[in-house]
Amino acid sequence: MDIISLTTIPKRIDHIRPCIESLLRQNMIIYLWISNEYQRAKGSINDLPGFLKHDNIRVRRVNDEGSITKLYPALDLWDVDRILTADDDIVY
């Protein structure tokens with residue numbers, strides 16, 4: 001299975017919709033890694049905007065390790081053949 005992996009930070013969560021919608025058109029599973037500070041800043045993952053509640057989107061909290069965070073947690077996933085990374089401010 002091929003996946004798309006990207007990160008965002010709490011203050012950007014309301015601005016990533018164009019990126020997410022363009023990635024959904026790729027017909028791949030999207031893993032969105034959100035910094036653990038999201039819970040303190042905005043609430044629980046259950047409080048995410050509706051556009052992130054999609055069958056092809058998996059949202060997980062992780063410790064922010066800088067730009068490697070878009071790839072690093074995806075390396076622990078099973079049954080992944082290829083990991084494509086994306087930036088949250090680009091429309092693909």
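Annotations for the structure displayed:
- Of the accessible area of the chain, computed with a 1.4 Å probe over protein heavy atoms only, carbon and sulfur atoms account for 45 percent.
- Under 5 Å between amide hydrogens, built in the peptide plane, is the criterion, and for Arg58 it picks out Ile30, Tyr31, Leu32 among residues at least 5 positions away or on other chains.
- What the chain shows is 61 Å² of accessible area per residue, with the surface traced by a 1.4 Å probe over protein heavy atoms.
The values are calculated or read from the model by the stated rules, or taken from the named source; none is laboratory data. Here the structure is a predicted model, which is why all the values come from computation and not from measurement. Keep in mind that these areas ignore ligands, DNA and RNA; they rest on the heavy atoms of the full protein, side chains included. Shrake-Rupley method; radii C 1.70, N 1.55, O 1.52, S 1.80 Å.
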